[in-house]
1. Show me, for the stretch 10-16, the HN-Hα J-couplings you get by feeding each phi into the Karplus relation (A = 6.51, B = -1.76, C = 1.60, θ = phi - 60°), rounded to Hz, glycine and proline as x.
2. Taking the convex hull of the Cα atoms, report for the stretch 1-46 its projected area averaged over all directions, in nm².
3. Sticking with the crude label model, points 7 Å out along Cα→Cβ, report the distance from Leu53 to His33 in nm, one decimal please.
4. For the stretch 1-94, take every pair of Cα atoms, bin their distances at 10 Å starting from 0, and report each bin as a whole percent.
Amino acid sequence: MSNYSKETDTYLTAIKHGDLTQFKPLYDLIASHLFGLINYYLIDKSYFEDALLEVYERILMYINSYVEGSDGYNWICKIAENTARKYNMKRSNDVSLPDVEGVLGTASFEIGFIDRLDLCFAIDKLQTPDREIVYNYFYLGKTMEEIGRELNLSKSAIKKRLDKSIEFLKKFVKSGKL
């Protein structure tokens with residue numbers, strides 16, 4: 001464990017035992033790292049301040065689950081990553097219907113408002129892994145390599161599933177049938 005992690009662990013242990021005066025030094029130690037992490041994981045930067053504040057709230061909220069002597073820095077980083085992903089999910093729920101055009105590509109055919117509703121419905125009809133691949137690729141902007149690592153699949157397998165899903169979605173929008 002690095003000195004940085006040991007120092008983080010010392011502060012977290014003190015906070016866990018009720019010494020809240022150690023929160024300010026912890027903040028001073030990790031603030032710039034958390035800024036970078038939140039900025040890296042967060043898609044919609046307008047949520048940045050809310051997400052950052054929530055990370056600190058979660059540190060205090062879940063401090064009793066922190067295992068003393070473990071790598072406190074990684075524990076905090078995981079909280080930051082999960083918080084940013086939560087805000088990304090919130091953003092995906094706020095996605096307006098025109099944003100789904102990117103899934104099918106407007107060059108191939110004209111897509112109207114009703115078609116957009118059908119597309120949203122069709123995406124929900126995809127099998128879970130395929131729906132997750134479409135979501136991660138088009139909404140979260142992840143690369144095929146990143147998605148493959150998360151799902152333990154090769155890049156070519158992700159590409160094949162993505163192509164198959166796009167064909168399904170195009171057929172559904174054109175025909176209106178599953």
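Since every read-out is calculated from the coordinates, none of them should be taken as a lab result. As the structure is a prediction and not an experimental result, all values here were calculated from the model. Here the Cβ is made from the backbone with ideal geometry for all residues, glycine too, and neighbour counts use every protein chain on show.
1. 4, 5, 5, 5, 5, 5, 4
2. On the way: hull surface 16.3 nm².
Over every viewing direction, the Cα hull of the stretch 1-46 projects on average to 4.1 nm².
3. Rounded to a tenth, the inter-label distance reads 2.4 nm.
4. Spelled out bin by bin, the stretch 1-94 gives 17, 50, 26, 7, 0 percent.
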